[in-house]
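To start, the structure itself, in structure tokens.
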Amino acid sequence: MNSAPLKIAVIAGEVSGDLLGADLIAALKRIHGGPVELVGVGGEGLQAQGLISLFDFSELSIMGITQVLSRLPKLFGLIRRTTAEIIAARPDILVIIDSPDFTHRVAKRVRTALPDLPVVNYVCPSVWAWKEYRAKRMLAYVDHVLAVLPFEPATMQRLEGPATTYVGHRLTADPALLETRRLRAGRRPGNGAILLLPGSRSSEIRKLLPYFEVAVNELVARNGPMRFILPTMRHKEVLVRGLTANWAVKPEIVVGAEAKWQAFVEADAAMAASGTVILELALADVPVVSAYKVDWIMRLLTSGIKTWTGALPNLIADYAVVPEYLNDVVRGASLARWMERLSADTYQLKAMKEGYELVWQRMQTEKPPGEHAAEILLDVLRKKKPGRF
């Protein structure tokens, strides 16, 4: 057992990052053996590990350039406050988790004030998608990157970024996802529900639900009565119920994680907003079509996007496993026809399932993600502060 107190500054800007951080800290406590003190920003997961968050991290949950621009004054105020608190705390290491618009700005400023402080970045920024130059710039303030996607270490090496290790993705070890896979094993298509997953942010939900409504109506007109399930979160329930109140065909709206996983079990196929949920569905073996509508300013910047796809299963498999519809090509009628093909024993379904299996295999690791990440964090500490840990 190591009795040396370990002070960790940690910044997580969203729920997914908070879960990763909590898993990392829990594993770190087991391996380190001594007392661990936390300072920084996080949600319920990190708070359960002992963090007293500097502010409610939901204030950082912004997406799209127009939203970022409108919130810039407040965002920079939070950056200054977080930076000052971390510098004053004099931690042994800083861990920044995802949300690069916020976390990387803090890391740069902290590194300037504390040049010997080790910095670990959990979740590689999407330099493979756009703004590749960020990878090399990270060398100035990041010592190691913990990647959650298997292709990212090679990308960071190509772009001359910091040392990067694939530690695995929390979803591959998630008990609920593993149970969903087990229950869906050997399942035959037909007579199941169609899932509607319009996203987790209000802007996403408002943009996609009208297209999902068209798809629902088209499916019923072509096939007769069908079952539709729309999983959502408690804090978005009122919005979702309001937006679907006048639909001719009402979806079953279910709330919470348990209800979502049960919906995954019962589904034949899903139409979903592009994002982590596409990977979640792929790993759970639920056929899906991805759709997305971006900010008008973002449309002007599409020439800067380097990736050939926005669907994570496609990037991991390195070919088009999941169909995608973006912006002006999003059509409810197209989504409906894909639901028909993926809800029956078709070549399209078989091809998608084959791709899913490849994705699953490529994402496997020998150790759980949190444990692997904790070991690397401690190794960075030992190299930067030899004799201390």
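The values are calculated or read from the model by the stated rules, or taken from the named source; none is laboratory data. The structure presented is a predicted model; accordingly, all values stated were derived computationally and were not measured. Ideal geometry is used to build each Cβ from the backbone, glycine not excepted, and the neighbour counts take in all protein chains shown. What goes into the accessible areas is simple: the full protein's heavy atoms, side chains included, and nothing from ligands, DNA or RNA. Shrake-Rupley method; radii C 1.70, N 1.55, O 1.52, S 1.80 Å.
Quick notes
- Entry remark, the stretch 216-241: residues being free of Cβ contacts under 8 Å to residues at least 12 places away in the same chain, not small (Gly, Ala, Ser) and not in a loop (DSSP other than H, G, I, E, B) number 2 in total.
- Pairing each residue of the stretch 39-58 that is under 12 Å from residue 20 (Cα atoms) and part of a loop (DSSP other than H, G, I, E, B) with any residue that is open to solvent by less than 30 Å² (accessible area, probe 1.4 Å) and of a type in the set (D, E, K, R), provided the two are 6+ apart or on different chains, yields C-beta distances under 6 Å for 42/18; 43/18.
- Selection of the stretch 181-215 for residues being on the phi > 0 side of the Ramachandran plot and free of Cβ contacts under 8 Å to residues at least 60 places away in the same chain yields only 186.
- Test result for residue 110, under 22 Å from the mean Cα position of the chain (by Cα) and β-branched (Val, Ile, Thr): no
- Looking only at the stretch 43-57, and only at residues there that are under 25 Å from residue 367 (Cβ atoms) and at pLDDT 95 or above, the one that is most open to solvent (accessible area, probe 1.4 Å): 48
- Flag not set for residue 31, criterion: in a helix (DSSP H, G or I) and either open to solvent by less than 20 Å² (accessible area, probe 1.4 Å) or free of Cβ contacts under 8 Å to residues at least 12 places away in the same chain (or both).
- Filtering the stretch 325-350 to residues that are over 23 Å from residue 226 (Cβ atoms) and open to solvent by 50 Å² or more (accessible area, probe 1.4 Å) leaves 326, 328, 329.
- Of the residues making up the stretch 126-143, those that are modelled with pLDDT of 95 or more and open to solvent by less than 30 Å² (accessible area, probe 1.4 Å) are 135, 138, 141, 142.
- Inter-residue pairs, beta-carbon under 6 Å, first over 11 Å from residue 159 (Cβ atoms) and in the stretch 133-145, second part of a helix (DSSP H, G or I) and open to solvent by less than 50 Å² (accessible area, probe 1.4 Å), 6+ apart: 141/107; 141/111; 143/380; 144/380
- Within the stretch 376-389, the residues that satisfy the criterion of being more than 20 Å from residue 171 (Cβ to Cβ) and either outside any helix (DSSP H, G or I) or under 22 Å from the mean Cα position of the chain (by Cα) (or both) are 377, 385, 386, 387, 388, 389.
- Test: residue in the stretch 58-69 that is in contact with a helix residue (DSSP H, G or I) (Cβ under 9 Å, 6 or more places away or on another chain), at pLDDT 90 or above and not acidic (Asp, Glu): no
- Residue in the stretch 355-370 that is least open to solvent (accessible area, probe 1.4 Å), counting only those that are in a helix (DSSP H, G or I) and in contact with a Ser or Thr (Cβ under 9 Å, 6 or more places away or on another chain): 369
Each row is one residue, and each column tells you yes or no for (1) at pLDDT 95 or above; (2) open to solvent by less than 40 Å² (accessible area, probe 1.4 Å); (3) part of a loop (DSSP other than H, G, I, E, B); (4) within 19 Å of residue 203 (Cα to Cα).
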| residue | (1), (2), (3), (4) |
| --- | --- |
| 243 | yes, no, no, yes |
| 249 | yes, yes, yes, no |
| 261 | yes, yes, no, no |
| 264 | yes, yes, no, no |
| 270 | yes, yes, no, no |
| 278 | yes, yes, no, yes |
| 289 | yes, yes, no, no |
| 315 | yes, yes, no, no |
| 320 | yes, no, yes, no |
